[in-house]
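These notes concern the structure reproduced below.
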Amino acid sequence: MAANNVDLWYIDWSYLLILILSSIFVRVALTKYGKNSSSPSTPQPPSPLPLPVIGHIHLLGSVLPRSFQTLARRYGPFMRIRMGSSLTFLVGSSPDVARQILKPDVNFSSRFELGPVQYSIYQQGMGFITSPYSPYYRFMKKLCTTKLFVGSQLNQFRHIREHEVRDCLRSVSESSVGGDACNLTAKLTTLMNNLIFRMIMGRRYDKYVDDEVKQIKELVVEIMELGSKCGIYEVFGPLKKYDLFGHGKKLRAAMVRYDDVLEKIIADYEVGDGACRGSGDDLMDILLKTSRDVDAEVKLTNNHIKQFILEMLIASIDTTSAALQWTMAELINHHRVFMKLREEIESTVGPSRLMSESDFPNLPYLQAVVKESLRLHTPTPLIFRECTKDCKINGYKVKAGTKIFLNTYAIMRDPETWQDPDEFVPERFLVNAEGSQLDQAELMKGQDFGSYLPFGGGRRACIGAMHASAVIQATVGALIQCFDWKIKDGDKVDITVGSGFSGAMARPLVCYPVVHSDPFK
Ligand code: HEM
């Protein structure tokens, strides 16, 4: 009996061993000659040699868009990358690939979420930015383009922009009096917080005035940090759902607190206390009106509104603040450009008043400076898309459900398209190759899908582009009109890029403003 048992064990183990070996053999054969091969009928995009378990993680540095750019030089503009055991995506790094993906087609008009969505307290599909190309997305997009971010609504916010820019100038002016160092990063971030919170819910961020807004801001920062930590779970494959480091639990808790504060604010609006302090509606007013509209194609709930506002706060504040910082950093580092811009503003606006948004059409060099800064230092260097049906890109087969990153950092520094791509040369945006004036408005809308993509392109292009451009031009123009800027010991501003997915500066922009033309005289 005992001997028989030993024999049985022996047979089971050897059988198992054969099974394992044969499955490895089949897998290797499949990888080499089968569907993963580069046979002419079903070629797959090229890929560096992955390591077991970690895939290509060892090839990626702390600044992801740069790592992808380096890999693309070797493996081509459309390559396959695997992070960890199961997260595989394709990375597009050339204008040509961008054109194929961003063409106005429903395929690739969906996004994917990085990080397990189970930790969100809002139901899946309630997001707007993170949404697939669903009926809910289309409903919200229509609301954005007809009511929330339409030109007339943005014009209504003009007084808010002008007020907040003046407030920022006042604060910079105070730093200049004592000759103290001015943390321009902090000032520009406060400007953006005030601006966006006023647009959305009629309240300023100023921490001494509005405690609820301060709480929301802190929670949004916490949610973003925890969200990106949960994103790292993706590399653990099937283990990602186990919340190995407890970040998911903390994320849920932060979202519950965010939800509570937003519910209070919505309740204020319902009793008529929350209306915008200025004239006209703020975004919350419009969203709540839409939620009460019985004829609306989609019933907008409070949860939709809270999720939408969370996404707006994430999409708008840090991106625009980063763009402002980069533009100022490049202007401080490039004296010739700085002086040329100052001359343009002074000759257009005159010596006695502060420039305003109505001056924009007469300030082409200011527009070019902002465009060049967004090209060189895009705050969102990777665009996320998902393919919804099988197709071919660059001759390679792409299956439905494939995750795609467009590396706009690399695309906007593509040497085939841009002369001296790593140099800050605003003049390139004044004329086109034939020497005639470029259509600035079209360029900003992302119509030149292929090569200029700071706001993405196609159906999912940024809806805040017009607003962001107005804020950057107004703020940068005023800061150059009113102040000279010095750096400690005559150094240049350090323009190192921060780590990860974002295109923010690695270090705060600290400098010394000296009044050139006092805006408050
Ligand atoms: C300099 C500032 C900004 C930059 C560089 C920027 C960039 C981008 C990019 C690259 C995308 C993805 C586009 C794509 O997939 O093709 C995007 C999407 C989006 N952005 Fe912005 N953005 C900025 C400011 C803003 C502001 C101020 C708002 C709102 C007030 C905003 C709201 C959005 C929204 C809602 C989406 C998602 C659009 C959709 O899925 O249909 N962004 N942005």
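The values are calculated or read from the model by the stated rules, or taken from the named source; none is laboratory data. The model shown is predicted, which means the values in this text are computed figures rather than measured ones. Cβ sites come from the backbone with ideal geometry, for glycine too, and all protein chains shown count toward neighbours. With ligands, DNA and RNA removed, areas are computed over all heavy atoms of the protein, side chains included. Shrake-Rupley method; radii C 1.70, N 1.55, O 1.52, S 1.80 Å.
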(request) Starting from the Cα of Lys264, draw a straight line to each of the lysines and keep only those under 19 Å, dropping any in the same chain fewer than 8 residues away. (result) Lys207, Lys214, Lys217, Lys289, Lys306
(message) Multiplying the sequence separation of Phe245 and Arg257 by 0.36 nm and subtracting their Cα-Cα distance, what value in nm do you get?
(response) 2.3 nm
(message) Taking 0.36 nm per residue of sequence separation and subtracting the Cα-Cα distance, how much length would be gained by fully extending the chain between Phe520 and Ser499, in nm to one decimal?
(response) 3.7 nm
(request) Taking each pair of different alpha-carbon atoms in segment 64-515 once, compute 1/r for the pair, average those values, and report the inverse of that mean as the Kirkwood hydrodynamic radius in Å to one decimal. (result) 23.1
(request) Between Ile54 and Asp105, take the C-beta separation as r, use R0 = 30 Å, and let me know the FRET efficiency to the nearest 0.05. (result) 0.30
(request) Using 0.36 nm per residue of separation minus the Cα-Cα distance, give me the extension gain between Ile314 and Arg158 in nm, one decimal. (result) 54.0 nm
(message) If I ignore ligands, DNA and RNA and count only protein heavy atoms, how much of Val271 is accessible to a 1.4 Å probe, in Å² to the nearest 10?
(response) 110
(request) With a ≥ b ≥ c taken as the square roots of the eigenvalues of the C-alpha gyration tensor of segment 129-172, please select rounded if a/c is under 1.5 and otherwise prolate if a/b is larger than b/c or oblate if it is not? (result) oblate
(message) Can you list residues from other chains, or at least 5 along the same chain, whose modelled amide H is less than 5 Å from the amide H of Phe112?
(response) Arg385, Glu386
(message) Quick check: pseudo-label points 7 Å beyond the Cα along Cα→Cβ at Lys340 and Asp420, how many nm apart are they?
(response) 0.9
(message) Please list, in order, the residues from segment 473-492 whose amide nitrogen is less than 14 Å from a point placed 7 Å along the Cα→Cβ vector of Ala181.
(response) 486-492
(message) Give me the one-decimal nm value for the distance between modelled label points at Val221 and Glu174, 7 Å along each residue's Cα-to-Cβ direction.
(response) 1.9
(request) Hey, for a label at Ile121 modelled as a point 7 Å past Cα toward Cβ, could you say which residues of segment 300-325 have their backbone N under 12 Å away? (result) 303, 306-307
(request) As a check on your grasp of the helix formula, calculate [θ] at 222 nm for the chain: sum -39500 (n - 2.57) over DSSP H runs of n ≥ 4, divide by the residue count, round to the nearest 500. (result) -15500 deg cm²/dmol
(request) List the residues whose amide H sits under 5 Å from the amide H of Phe483, counting only those 5 or more places along or on another chain, with H placed 1.01 Å from N in the peptide plane. (result) His516, Ser517
(request) Using a 1.4 angstrom probe on heavy atoms only, work out the carbon and sulfur share of the accessible area of the chain in %. (result) 57
(message) Distance between the C-alpha centers of segment 387-407 and segment 149-214? Whole Å please.
(response) 41
(request) Work out the FRET efficiency for Ser356 and Asp484 from their Cβ-Cβ distance, taking R0 = 30 Å, and round it to the nearest 0.05. (result) 0.90
(request) Skip the ligands, DNA and RNA, and give the accessible area per residue of the chain with a 1.4 Å probe, whole Å². (result) 48
